[in-house]
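The values are calculated or read from the model by the stated rules, or taken from the named source; none is laboratory data. As the structure is a computational prediction, the values presented were derived from the model and not from experiment. Cβ placement follows ideal geometry from the backbone for every residue including glycine, while neighbour counts extend to all protein chains displayed. Keep in mind that these areas ignore ligands, DNA and RNA; they rest on the heavy atoms of the full protein, side chains included. Shrake-Rupley method; radii C 1.70, N 1.55, O 1.52, S 1.80 Å.
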Amino acid sequence: MTFDVDVVVVGGGPVGTTALALCGRAGLSAVAFEKDVDLWPTARAVHFDGETMRTLQSLGVAARFQQVTIPMRDVAILNEAEEVLVHAPTDRIGEQGWNDHISFHQPDVEQLLREVVADTPGVALRCGEMVTDVADTDDGVVVTSTDAGGALRMTRARWAIVADGARSGIRHRLGIESDKYGEDAQWLVVDGQLVGAPGYEADMIQFGRYTRPALWLRLPGDRVRMEFMLMPDDDPAEIVTPAAVERISRGALPADKFTPDRQAIYTFRGRIAREWRRGNIFLAGDAAHQAPPLFGQGLCAGIRDAANLVWKLDLVARGAADESLLDTYESERKPHATFWVETAANQAVIIQTTDPEVARGRDEYIRAHPGSSAVPEPPALGPGLHAGEHGGGGKLGPQPILADGIRLDDMVGSHFLVATERALFDDLSPALRAALEDDAETVTLLDPAKVSDLLATLGARAAVLRPDHYTLGTAGTAPELERLLLMIPSLAGAADLTAESR
């Protein structure tokens with residue numbers, strides 16, 4: 001098949017546009033189709049983590065995103081009586097070199113992502129064009145789309161990334177079912193501007209009110225969000241009125257001081273697609289997984305999908321890796337996403353209880369174990385291209401900010417990073433050292449000023465990080481480092497490069 005582009009992306013939301021921008025940065029030609037002509041005018045996602053900002057940093061635009069986002073200063077859990085069960089400061093730079101919790105207004109973020117795409121050579125976003133079919137072939141995909149005038153287009157590509165949302169038409173067309181996690185619950189989400197009223201002091205609050213569980217989020221400027229669980233006797237038409245919002249917010253959103261721009265009833269749900277790859281078609285974002293918003297990982301998980309997949313597509317497209325590398329997308333990402341969906345679903349059960357006795361027991365437990373409700377440590381990837389837990393692989397690597405203020409990734413770019421003490425590097429075979437120096441896929445750093453913080457955090461003498469910043473593995477000896485280096489696709493199989501082969 002002759003390809004029109006390397007990659008077709010289905011969906012022009014934040015996950016699709018991020019995937020498109022990452023393709024362009026990698027040198028892959030790509031086009032994305034978005035059925036809507038205009039940006040969605042209201043917010044859905046409102047939270048980034050440090051890893052997401054690190055991905056934006058890799059696109060060279062993190063500073064622009066800082067202008068439309070704010071660090072989340074603190075989080076809290078309150079009970080029915082407004083007792084503070086947990087309060088934790090969050091306004092700090094974390095291991096990713098960015099704040100761990102960042103709030104935003106989604107239309108601002110989407111506009112910036114589209115500007116990034118417009119400035120990126122080799123990629124294009126076609127709005128007002130709906131994809132009606134993605135057909136897998138032996139060597140690629142054929143994507144059928146129609147524009148606003150009904151004109152039909154056939155686009156041939158090597159791969160397709162399907163990021164068309166929770167109701168993914170392409171996922172349904174492929175017959176891919178999803179597994180359910182936790183219990184679905186109807187909630188009202190209200191976004192808008194709060195002027196002349198204080199709201200709540202903390203930036204994010206989970207209200208464990210058994211009479212009506214709720215969430216509060218402070219966003220950039222004078223924007224706020226509240227979410228309220230619907231109760232059996234609620235009238236869907238009445239519950240969205242200004243008077244009802246003031247009542248169920250317990251006065252936090254007064255009708256004369258809060259101007260909503262979104263009021264929507266939606267379903268908290270946990271879902272994981274049973275398949276994430278069908279031949280040359282890959283599901284990403286909400287098309288692959290949906291989580292209750294308790295830890296704000298929905299959009300973060302979708303951007304992780306794109307970051308995990310695109311560098312692998314790039315290596316395969318350039319012949320630097322075997323196509324079997326693409327099998328690691330689902331094997332690595334699906335368990336990772338499932339962890340967050342399960343954790344959020346379990347937290348939802350705790351927060352959403354409407355049983356006073358269960359809520360009382362929950363409150364007593366949280367008072368005695370305040371750390372139990374903290375945001376959990378991110379999990380490792382599932383099996384794939386890494387050395388596994390015992391080899392220090394599969395965990396998200398840190399990004400130190402160096403003494404001169406430079407973030408480490410800005411020195412490395414989209415490459416494998418080999419960070420090691422010079423003594424271990426010198427113990428490698430001369431052939432392997434020479435191969436590393438000549439390998440366009442790797443950056444080797446030996447300067448203690450650049451690698452000592454990274455290695456100290458990982459508790460290792462050497463480490464190899466992948467282009468998506470996850471650890472390929474860590475090492476304490478030269479033979480261990482050699483084994484890691486030979487896992488890098490561009491060096492894989494070169495056994496004659498090792499010291500043992502001499």
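Here the dipole of the range 26-179 is about 580 debye; that uses its Cα centre as origin and unit charges on the Cβ of Lys and Arg (positive) and Asp and Glu (negative). Across the range 242-393, C-alpha contacts under 8 Å between residues 6 or more apart give a mean separation that, scaled by the residue count, equals a relative contact order of 21 percent. The length gained on full extension between Arg64 and Glu201, counted as 0.36 nm times the residue separation minus their Cα-Cα distance, comes to 46.6 nm. The simple spin-label model puts a point 7 Å past each Cα toward its Cβ; for Asp222 and Asp427 those points are separated by 6.4 nm.
Between the helical axis of 14-26 and the longest alpha-carbon principal axis of the chain there is an angle of about 20 degrees.
Close amide H partners of Arg262, meaning residues 5 or more places away or on another chain with modelled amide H under 5 Å apart, are Asp191.
Give me the angle, in degrees from 0 to 90, between the Cα long axis of helix 106-118 and the longest principal axis of the Cα atoms of the chain, rounded to the nearest 10. Between the helix axis and the principal axis of the chain, the angle is about 30 degrees.
Per-residue 3J(HN,Hα) values for the range 396-403, derived from phi via the Karplus relation 6.51 cos²θ - 1.76 cosθ + 1.60 with θ = phi - 60°, read 5, x, x, 10, x, 9, 6, 4 Hz in sequence order (x marks Gly and Pro).
Solvent-accessible area per residue in the chain equals 41 Å², computed with a 1.4 angstrom probe and all protein chains kept.
The length gained by stretching the chain between Arg167 and Thr259 to full extension, at 0.36 nm per residue less their Cα-Cα distance, is 30.2 nm. Out of all DSSP beta bridges with both ends in the chain, state the antiparallel percent to the nearest 5. DSSP beta bridges in the chain are roughly 75 percent antiparallel. Comparing Val8, His336, Ile205 along the charge dipole axis of the chain, the residue lying farthest to the positive side is Val8, per the Cβ-charge model. Among the listed values (1) 25.0; (2) 34.0; (3) 41.9, the one computed from these coordinates for mean projected area of the Cα convex hull in nm² is (1). Given R0 = 45 Å, the distance between the Cβ atoms of Thr144 and Arg483 translates into a calculated FRET efficiency of 0.45.
Once the chain from Ala403 to Asp91 is taken as fully extended at 0.36 nm per residue, the excess over their C-alpha distance is 110.2 nm. Whole-Hz Karplus values for the range 41-58 come out as x, 10, 7, 10, 6, 9, 9, 10, 10, x, 5, 5, 4, 5, 5, 5, 4, 5 Hz, taken residue by residue from phi with 6.51 cos²θ - 1.76 cosθ + 1.60 and θ = phi - 60°; glycine and proline positions read x. What residues from the range 116-142 fall in the zone where the backbone N is under 15 Å from a label point 7 Å along the Cα-to-C-beta line of Met1? Under cut-off, by backbone N: 132-142. In the chain, Cα pairs under 8 Å separated by at least six residues give a relative contact order of 15 percent.
When a 1.4 Å probe is rolled over the protein heavy atoms, the share of accessible surface on the chain that falls to carbon and sulfur comes to 52 percent. Helix 328-351 and the longest principal axis of the C-alpha atoms of the chain enclose an angle of approximately 20°. Dipole magnitude for the range 354-502: about 240 debye, using +1 per Lys or Arg Cβ and -1 per Asp or Glu Cβ, origin at the Cα centre.
Residue-normalised convex hull volume from the C-alpha trace of the range 184-307: 131 Å³ per residue. Dipole of the chain computed with +1 at Lys/Arg Cβ and -1 at Asp/Glu Cβ about the Cα centre; of Val190, Val162, Ile351, farthest Cα towards the positive end is Val190. List the pairs from Lys312/Lys334; Lys35/Lys312; Lys180/Lys312; Lys312/Lys450 whose alpha-carbon separation is above 19 Å, in the order I gave them. Beyond 19 Å: Lys35/Lys312; Lys180/Lys312; Lys312/Lys450. Placing +1 on each Lys and Arg Cβ and -1 on each Asp and Glu Cβ, with no other charges, gives the chain a dipole about its Cα centre of roughly 280 debye.
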